[in-house]
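Novice: Okay, here's the structure, questions in a sec.
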Amino acid sequence: MAQVVNVARMFDGLVFGGFLLFVGGFGLFLVGELHKMAFATESKKKPLLQTIAAKMFPFPDNKYEFNLTHVLLFSLLIALLSMLHHPAQDIIEQQAEKQKRKREKKAKAAKGD
């Protein structure tokens with residue numbers, strides 16, 4: 001019978017999930033602090049910045065607010081984006097293989113002499 005859940009890896013998943021929720025919540029908190037800075041402290045100095053930020057992030061009464069649902073969705077987005085394969089990784093791997101082949105070719109040529 002096929003095993004759906006690997007019990008030995010359950011603890012790893014719980015730790016990763018907890019860390020991911022912490023990172024998601026902290027990220028939303030930092031965005032809230034940035035929002036507070038743009039609307040509370042910098043708004044009197046730079047009204048253009050306030051109008052741009054208000055159009056980019058239309059919150060009710062210009063009050064930034066997030067809850068557990070936002071944290072869960074943001075954490076899910078972080079998890080999905082962290083699983084993405086970037087093309088630069090392939091380029092780095094190909095360059096490393098080319099350098100390895102060059103070194104092997106030089107070593108083979110040195111032995112052949």
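Bear in mind that the values in this text are calculations on the coordinates, not laboratory data. Since the structure is predicted, the reported quantities are computational estimates derived from the model, not experimental observations. No Cβ is skipped: glycine too gets one built from the backbone with ideal geometry, and neighbour counts run over all protein chains shown.
Novice: Indicate the helices, whole DSSP H runs only, in the chain that combine a mean Kyte-Doolittle hydropathy of -0.5 or more with a Cα extent along their long axis of 24 angstrom or more.
Specialist: Long hydrophobic helices here: 10-36.
Novice: Let me ask you something else. Lysine pairs in the chain with Cα distance under 26 Å, only those 8 or more apart or on different chains: how many are there?
Specialist: 18
Novice: For the peptides 24-31, 87-94, what is the packing order when you average, over each peptide's residues, the other Cβ atoms within 10 Å and list the highest mean first? Numbers along the way, then the final one.
Specialist: Details: 24-31: 14.9, 87-94: 9.4.
Those peptides, ordered most packed to least, come out 24-31, 87-94.
Novice: Let me have the 222 nm mean residue ellipticity of the chain computed from DSSP H runs of 4+ only, each contributing -39500 (n - 2.57), with the sum over all residues rounded to the nearest 500.
Specialist: -23500 deg cm²/dmol
Novice: Residue 52 to residue 11: FRET efficiency via 1/(1 + (r/R0)^6), r the Cβ-Cβ distance, R0 41 Å, to the nearest 0.05? Please report the intermediate quantities before stating the final value.
Specialist: Values: r = 46 Å, r/R0 = 1.12.
E(calc), rounded to 0.05, equals 0.35.
Novice: Please express the shape of segment 17-113 as an equivalent ellipsoid: the semi-axes are the square roots of 5 times the eigenvalues of the C-alpha gyration tensor, given largest first in whole angstrom.
Specialist: 50, 19, 10
Novice: If you don't mind, another one. Given C-alpha coordinates of segment 48-100, what is the ratio Rg to Rh with the Kirkwood estimate of Rh?
Specialist: Reported Rg/Rh (Cα atoms, Kirkwood Rh): 1.33.
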